[in-house]
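Every read-out reported here was derived from the displayed coordinates using simple, explicitly stated rules and does not represent laboratory data. Treat the numbers as computed from the prediction; the structure is a model and nothing was measured. Note: ideal-geometry Cβ built from the backbone for every residue, glycine included; neighbour counts use all protein chains shown.
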Amino acid sequence: MKAQLQALANGYGLGDRLSWLGWVGSMGSLYREVDVFVHPSEGEGFSNAVLEAMAHGLPVVARDAAFNHELIEHEVTGLLFDGSPEALFQAVGRLCRDHEARKTLGKAARQFVRDHHSWDVVHRAYLALVQRACGTLGPSSRERL
């Protein structure tokens, strides 16, 4: 669909502001070079790429699907679109033109990741899980762990 999407982007006046990277093996420095992260997946589930982009302070535009609701709150930590190419380009266009919206959404996204998905938060959750599991085992089972 690349040609169709590029034509649509040109129609919205965004053609010269978008880069079509295709598959990227390692995002690394790319997060620091872009203004908006677009994730149009129809069924990826909990996306590490979205989480990483948010951690880098990027506003995310993603499909309005249940699997994205755990990370993205519309108009707070990113923008959700209905799945149509037109809605996608409207959301991207809005963020391309509105520096303050990019900054506000990106800052909230980064804070959300710090509060809910940082290494410290995940570590504490895993530790609590292991402690609960060990607490439910008998003494001889705990010794084997």
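Mind checking whether some residue in segment 64-71 is surrounded by 15 or more Cβ atoms within 10 Å (Cβ to Cβ), assigned to a helix (DSSP H, G or I) and on the phi < 0 side of the Ramachandran plot?
yes
Taking Tyr12 and the conditions (1) touching a residue at least 40 places away in the same chain (Cβ under 8 Å); (2) under 17 Å from the mean Cα position of the chain (by Cα), which numbered condition does it fall short on, given that it satisfies the others?
Only one criterion in (1) touching a residue at least 40 places away in the same chain (Cβ under 8 Å); (2) under 17 Å from the mean Cα position of the chain (by Cα) is unmet by Tyr12, namely (2).
Just need a number here: residues in segment 96-116 that are in a helix (DSSP H, G or I) and surrounded by fewer than 17 Cβ atoms within 10 Å (Cβ to Cβ).
Our first condition is that a residue be in a helix (DSSP H, G or I); within segment 96-116, this holds for 96-97, 99-116.
Of the ones still in play, those that are also surrounded by fewer than 17 Cβ atoms within 10 Å (Cβ to Cβ) are 97, 99-101, 103-104, 107, 111, 114-116.
Qualifying residue count for the region: 11.
Determine which member of the set Leu88, Leu21, Leu58, Leu30 is touching a helix residue (DSSP H, G or I) at 6+ places or on another chain (Cβ under 7 Å) and not polar (S, T, N, Q). It would help to see each step written out before you state the result.
Details: Leu88 fails: touching a helix residue (DSSP H, G or I) at 6+ places or on another chain (Cβ under 7 Å); Leu21 fails: touching a helix residue (DSSP H, G or I) at 6+ places or on another chain (Cβ under 7 Å); Leu30 fails: touching a helix residue (DSSP H, G or I) at 6+ places or on another chain (Cβ under 7 Å).
The unique qualifying residue is Leu58.
Identify the residue in segment 42-61 that is in a helix (DSSP H, G or I) and free of Cβ contacts under 8 Å to residues at least 60 places away in the same chain and, among all such residues, is nearest to Gln111 (Cα to Cα). Quick ask: steps written out before the conclusion?
Within segment 42-61, the subset in a helix (DSSP H, G or I) is 48-55.
Filter once more, so that each one left must be free of Cβ contacts under 8 Å to residues at least 60 places away in the same chain: 48-50, 52-54.
On the way: Asn48: 16, Ala49: 16, Val50: 14, Glu52: 12, Ala53: 12, Met54: 9 Å.
The qualifying residue nearest to Gln111 (Cα to Cα) is Met54.
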